[in-house]
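All remarks here apply to the structure that follows.
The values are calculated or read from the model by the stated rules, or taken from the named source; none is laboratory data. Remember, predicted model here, so these are calculated numbers, not experimental data. Here the Cβ is made from the backbone with ideal geometry for all residues, glycine too, and neighbour counts use every protein chain on show.
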């Protein structure tokens, strides 16, 4: 099972799961020794298969740091916090967490787009 480390210690994932707003992006970083990257990929793939079946799931993309890095970044879009909360607390998903190597750290955090005039649309 991964060790969870808050990305923002002032606003925890548990705090964020109480939000009732709409569309969110989950950013989750994983850090693993490079030798265990294949085990992380296998566990993440099984999780992604579960999440894809959940109501409110839109899309996901996994990225890996270059040059042999053991850092991965998952970017997933959800229709709402409620949809993500239901998927994250789903017993099938929670049971799969045990499949991650014990050396993995995970830092999930929810985001919404920010409008920056002339640069970013909301």
(message) Of everything in the stretch 88-105, what is out of contact with any helix residue (DSSP H, G or I) (no Cβ under 6 Å at 6 or more places or on another chain) and part of a helix (DSSP H, G or I)? Give them in sequence order.
(response) 88, 91, 94, 95, 97, 98
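Residue by residue, here is whether (1) surrounded by fewer than 18 Cβ atoms within 10 Å (Cβ to Cβ); (2) farther than 16 Å from residue 56 by Cβ; (3) modelled with pLDDT of 95 or more; (4) under 13 Å from the mean Cα position of the chain (by Cα) holds:
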{"position": "70", "(1), (2), (3), (4)": "yes, yes, yes, no"}
{"position": "78", "(1), (2), (3), (4)": "no, no, yes, yes"}
{"position": "83", "(1), (2), (3), (4)": "no, no, yes, no"}
{"position": "87", "(1), (2), (3), (4)": "no, no, yes, yes"}
{"position": "113", "(1), (2), (3), (4)": "yes, yes, no, no"}
{"position": "118", "(1), (2), (3), (4)": "yes, yes, no, no"}
(request) For residues that are surrounded by 15 or more Cβ atoms within 10 Å (Cβ to Cβ) and under 22 Å from residue 16 (Cα atoms), scanning just the stretch 97-111, find the one that is nearest to the chain's Cα centre (by Cα). (result) 108
(request) Scan the stretch 4-27 for residues that are closer than 20 Å to residue 70 by Cα and in contact with a helix residue (DSSP H, G or I) (Cβ under 9 Å, 6 or more places away or on another chain) and jot them down. (result) 4, 6, 7, 26
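Suppose we filter the stretch 67-87 for residues that are assigned to a helix (DSSP H, G or I) and either without any contact (Cβ under 8 Å) to a residue 60 or more places away in the chain or touching a strand residue (DSSP E or B) at 6+ places or on another chain (Cβ under 7 Å) (or both); how many remain?
Counting residues in the stretch 67-87 that are assigned to a helix (DSSP H, G or I) and either without any contact (Cβ under 8 Å) to a residue 60 or more places away in the chain or touching a strand residue (DSSP E or B) at 6+ places or on another chain (Cβ under 7 Å) (or both) gives 5.
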(message) Residues that are crowded, with 18+ Cβ neighbours inside 10 Å, touching a residue at least 40 places away in the same chain (Cβ under 8 Å), outside any strand (DSSP E or B) and in contact with a strand residue (DSSP E or B) (Cβ under 7 Å, 6 or more places away or on another chain): does the stretch 47-64 have at least one?
(response) yes
